[in-house]
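Readers should treat all values here as calculations from the given coordinates under stated rules, not as data from a laboratory. Worth saying up front: this structure is predicted, and the values here are computed from it rather than measured. Cβ placement follows ideal geometry from the backbone for every residue including glycine, while neighbour counts extend to all protein chains displayed.
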Amino acid sequence: MPVNIFLVLGMGLTVGFISGMFGVGGGFLMTPLLIFIGISPAVVVASVAPQIAASLFTGFLTYWRRRAIDFALGAMLLSGGAIGTVTGVWLFTMLRAVDQLDLMIGLAYVVLLGIVGALMITESARAIMRAHQGLRADMRRPGSHVWFHHLPLKLRFKRSRIYVSVIPVWAIGAIIGFIGTILGVGGGFMLVPMLIYLLRVPTATVIGTSMILTLVTMIAATILHATANHLVDAVLALILMVGGVVGAQFGARAGQKIRGERLRLLLGILVLLVGIRFAIDLVVKPDDLYSIRHVRDM
Amino acid sequence: MRRLALILLILAAGGAPPAMAERLVVSLSNHRVQITSSFAGEDLVLFGTIEPDKGKTTRKTGYDLVVTVTGPRQTLRTRRKERVLGIWVNIASREFVRVPAYLAVLSNRPVTDMADAQTRRRLQIGLDNFLLTQRIGPDVADTVVTDPFRVAFVRLQQNRGVYRESPAAVTFLTPAVFRAAIPLPADAPTGSYGIDVKLFSDGAMIAHTTSALEVIKAGFEQYVAEAAVNHGLLYGLATTLMALLTGWLASVVFRRD
């Protein structure tokens, strides 16, 4: 499909910049952008996976050097993630066969980005207001004892200094693996809050540990999409990777100069806008009611 | 000796193909088109002459020529969206089985002026008459020209530039020498193409010949595209390796601690 290399490279740089600035993989922005410029959603989702893997691996190595990764917790997340990824690729293949994949990707983005964007905006707006009124930020450790903390199969994760049942850990892993595979996102922007608020993983290890799951999920998604659907476009992925890793470096530097809650507010608005754009595309009457999908060559 | 020569001459004359009055001879500028990453589409040129029958005088009405170029076959699905609960959903679809990935009908004037509808239907002249088989339930058949899925399919393929009907693509340089421009778009599908040349006069086909060409992709992109389909697992592993390598390189190059 003829797509301008420099446009894609520019998008890779921009998204990389944003991902470096906010410390997220950027898949939730990259995937929508590529869909909006007219690349088939199926190809985008499959080809963004290796790009996210590349930028996650960079981050993973950095956190590894700082010994900020809880490998035991990561391994438990992974075993759940494996189930989620395989289920995700299966559903992806099935939805494509019945011509409903693009619709489901759009719907899922609207719901997911709508919720995440709204939560981020309200949370950061509150923080900004508090700072404005001169109040101290709420330092209480988030989360409280809820029902799943009493589930069996408790394990002690030494580096994170938590003692939790592995059942919610597996569940979180499976959910992220599933969503990531279907939507072409690493899922870091959902996984990190989940680990902090639900499992109370300390901030020191949370990002590095989350990267174990998202990195392996994206690697598995790349291989499974390539094998099951033949949809991975390595050339597209390479262009995105180069743009992404370079952009991320500049973004990370820019991000250190902006206050945390302002940064989260900006990111929240961005997330919500992308969600709204998806909603518009679903509701507005398409230019052409008909479309063609390639089934097979003879 | 003279008698023997005469007998040989008679034999030779008797053994020659008698059937058609005219003979078509065509030649293509290039039988093998290589598509590289910088390929922006090109026009192939088909030259041809009409060799008149020695015995007959030239025709009163002149000639009409149709060149039909068909690309490799593929199966495609045409889908139609409808509004369900406020959002647009693919509701119905129709599979087009073994239809050409590229289809061009080139002629010297509109095909509707050359022959009557029945003749055009029988000889598959024009996009409306070309056999586009659809899977409808258990059957595989072409539909009427006005079938909404067929109309949409042809329109979408025309928008992509892979289906076209141009009534001015064939020009007669002299009454018996012609030239046809075969337009290949930038994303021309690769594979073997058939070229079918039909000569008309007075509303009837009087001569027919075929030729062929091949479109191949060259270079890195083609290699990658082929690998993606033929060696899915290997391709996935290689892509992953490339991702990890890029990620590692970035962490080394931009290392700050």
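For A:92-100, what's the mean count of beta carbons from other chains sitting within 10 Å of each residue's beta carbon?
2
Within the protein assembly as shown, what is the number of lysine pairs with alpha carbons under 24 Å apart, leaving out pairs fewer than eight places apart on the same chain? Could you put the intermediate results ahead of the total?
Values: A:Lys285/B:Lys81; B:Lys54/B:Lys198; B:Lys56/B:Lys198; B:Lys60/B:Lys198.
Total qualifying Lys-Lys pairs in the protein assembly as shown comes to 4.
Taking a ≥ b ≥ c as the square roots of the eigenvalues of the Cα gyration tensor of region A:30-144, is the shape rounded (a/c under 1.5), prolate (a/b larger than b/c) or oblate?
Verdict is oblate for region A:30-144.
If I model a spin label at B:Ala176 and B:Ser27 as a point 7 Å from the Cα along the Cα→Cβ vector, what separation in nanometres do I get?
Taking the simple label geometry, B:Ala176 and B:Ser27 are separated by 1.6 nm.
Show me, for region B:241-251, the HN-Hα J-couplings you get by feeding each phi into the Karplus relation (A = 6.51, B = -1.76, C = 1.60, θ = phi - 60°), rounded to Hz, glycine and proline as x.
4, 4, 5, 5, 5, 4, x, 5, 4, 4, 5
Taking chain B as a Gaussian network, Cα atoms linked when under 10 Å apart, which of B:Phe200, B:Phe220, B:Phe149 shows the biggest mean-square fluctuation?
B:Phe220
What distance in nm separates the two pseudo spin-label positions at A:Ala254 and B:Val84, each 7 Å out from Cα along the beta-carbon direction?
4.1 nm
If contacts are Cα pairs under 8 angstrom and at least 6 residues apart, what is the relative contact order of chain A in percent? Working shown, then result.
Values: 452 pairs, mean separation 123.0, N = 298.
Contact order relative to length: 41 percent.
Tell me the label-point distance for the pair B:Thr61, B:Ala168, using the 7 Å Cα-to-Cβ offset, in nm and rounded to one decimal.
Between B:Thr61 and B:Ala168, the simple spin-label model gives 2.5 nm.
Take the alpha-carbon positions of region B:86-128, form their convex hull, and give its projected area averaged over all directions (one quarter of the hull surface) in nm².
If you wrap the Cα atoms of region B:86-128 in a convex hull and average its projections, you get 5.6 nm².
GNM on chain A, C-alpha springs below 10 Å: top fluctuator among A:Gly114, A:Gly134, A:Gly59?
Top of the fluctuation ranking is A:Gly134.
Per DSSP helix of 4 or more residues, -39500 (n - 2.57); summed, then divided by the residues of chain B. What does that give at 222 nm, rounded to the nearest 500?
Details: 5 runs with 66 residues, N = 257.
So the calculated ellipticity at 222 nm is -8000 deg cm²/dmol.
Under 10 Å, Cα contacts only: if you run a Gaussian network model on chain B, which one of B:Leu85, B:Leu65, B:Leu132 comes out with the highest mean-square fluctuation?
Taking springs between Cα atoms under 10 Å, the residue moving most is B:Leu85.
How big is the Rg/Rh ratio for region B:24-127, C-alpha atoms only, Rh by Kirkwood, two decimals?
Numbers: Rg = 20.5 Å, Rh = 18.2 Å.
Reported Rg/Rh (Cα atoms, Kirkwood Rh): 1.13.
Taking Cα pairs under 8 Å and at least six residues apart, what relative contact order does chain B come out at, in percent?
It comes to 26 percent, rounded to a whole number.
Given the rule -39500 (n - 2.57) for each run of at least 4 DSSP H residues, summed and divided by the residues of chain A, what is its mean residue ellipticity at 222 nm, to the nearest 500 deg cm²/dmol? Each step should come with its number before you reach the end.
Details: 10 runs with 212 residues, N = 298.
The helix contribution divided over chain A gives -24500 deg cm²/dmol.
Order these peptides, A:43-55, A:73-85, by their mean beta-carbon neighbour count within 10 angstrom, highest first.
Details: A:43-55: 30.2, A:73-85: 22.5.
Output ranking for A:43-55, A:73-85: A:43-55, A:73-85.
Assuming a ≥ b ≥ c are the square roots of the Cα gyration tensor eigenvalues, decide whether the protein assembly as shown counts as rounded (a/c under 1.5), prolate (otherwise, with a/b larger than b/c) or oblate. Write out the running numbers ahead of the final one.
Values: a/c = 3.09, a/b = 2.69, b/c = 1.15.
Prolate shape, in that a/c is at least 1.5 and a/b is the bigger ratio.
How large is ³J(HN,Hα) for each residue in region B:198-204, as worked out from phi by the Karplus curve 6.51 cos²θ - 1.76 cosθ + 1.60 (θ = phi - 60°), to whole Hz, x for Gly and Pro?
10, 9, 10, 8, 6, x, 10
Quick one: what do you get for chain A if you divide its Cα Rg by 2.2 N^0.38 Å?
Details: Rg = 19.3 Å, N = 298, 2.2 N^0.38 = 19.2 Å.
Expressed relative to 2.2 N^0.38 Å, the Cα Rg reads 1.01.
Looking at region B:22-218, I'd like the Rg to Rh ratio, where Rg is from alpha-carbon atoms and Rh is Kirkwood's inverse mean 1/r. Show your work: numbers first, answer last.
Values: Rg = 18.7 Å, Rh = 18.2 Å.
Using only Cα positions, Rg/Rh for region B:22-218 is 1.03.
Any chance you could check the Cα centroid distance between region A:1-69 and region B:116-182 for me, in angstrom?
Measuring centre to centre over Cα atoms gives 43 Å.
Counting only other chains, what is the mean number of Cβ atoms within 10 angstrom of the Cβ of each residue in peptide A:107-118? Don't skip to the end; give the middle numbers.
Numbers: counts 2, 0, 0, 1, 0, 0, 0, 0, 0, 0, 0, 0.
That average works out to 0.
Per-residue Cβ counts within 10 Å, from other chains only, averaged over A:220-231: what number is that?
Across the residues of A:220-231, the mean count of other-chain Cβ atoms within 10 Å is 5.
May I ask for the distance between the Cα centers of region B:26-40 and region A:72-115, given as a whole number of Å?
Going from one Cα centre to the other spans 43 Å.
Looking at the protein assembly as shown only, what percent of DSSP beta bridges run antiparallel? Nearest 5 please. Before the final figure, lay out the partial values.
Details: 68 of 76 bridges.
In the protein assembly as shown, DSSP labels about 90 percent of beta bridges as antiparallel.
If I take R0 = 30 Å and measure r between the Cβ atoms of B:Asp139 and B:Ala212 in this structure, what FRET efficiency does the formula 1/(1 + (r/R0)^6) give, to the nearest 0.05? Before the final figure, lay out the partial values.
Working: r = 31 Å, r/R0 = 1.02.
Efficiency, rounded to the nearest 0.05: 0.45.
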